[in-house]
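Here is the structure we will look at.
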Amino acid sequence: MKLDKQELVRVLRTGGDNETADKVESQLPDEIDTDEHGDALDAVGLDRTELMNKLAAGGFGGSIAP
């Protein structure tokens with residue numbers, strides 16, 4: 001799944017997870033591919049299941065591309 005870094009940061013900040021949002025901003029590319037960047041997501045503290053839950057709760061909407 002591909003997603004926009006700024007949208008992910010917005011969802012994290014809205015959920016109060018500013019520390020992870022800061023890590024995402026500094027360590028991940030502008031377009032995140034959850035398959036390709038899985039290790040980088042793990043490094044900032046987001047596993048795929050947790051990421052999906054946060055995105056679903058944050059109303060990521062049409063910004064997710066399969």
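Tabulated data
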item	result
Per residue solvent-accessible surface (Å²) - the chain, probe of 1.4 Å	57
In order through segment 20-26: 3J(HN,Hα) via Karplus (6.51 cos²θ - 1.76 cosθ + 1.60), integer Hz, x for Gly, Pro	5, 4, 4, 5, 4, 4, 8
Relative contact order (%) - the chain, alpha-carbon pairs under 8 angstrom, separation at least six	46
Reported label for calculated semi-axes √(5λ) of the Cα gyration tensor in Å given (i) 26, 16, 12; (ii) 18, 16, 11; (iii) 14, 14, 11	(iii)
Simple label model, 7 Å out from Cα along Cβ direction - ALA40 to MET52, nm	2.2
The chain - mean residue ellipticity at 222 nm from DSSP helices (-39,500 (n - 2.57) per run, n ≥ 4, rounded to 500)	-15500 deg cm²/dmol
Protein accessible area in the chain, 1.4 Å probe - carbon and sulfur %	45
Gain in span if fully extended, GLU7 to GLU25, counting 0.36 nm per residue against the direct Cα distance	5.4 nm
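The values are calculated or read from the model by the stated rules, or taken from the named source; none is laboratory data. All values derive from a computational prediction rather than experimental measurement. Every residue, glycine among them, receives a Cβ derived from its backbone with ideal geometry; neighbour counts consider all protein chains shown. Heavy atoms of the whole protein, side chains included, go into the accessibility calculation; ligands, DNA and RNA do not. Shrake-Rupley method; radii C 1.70, N 1.55, O 1.52, S 1.80 Å.
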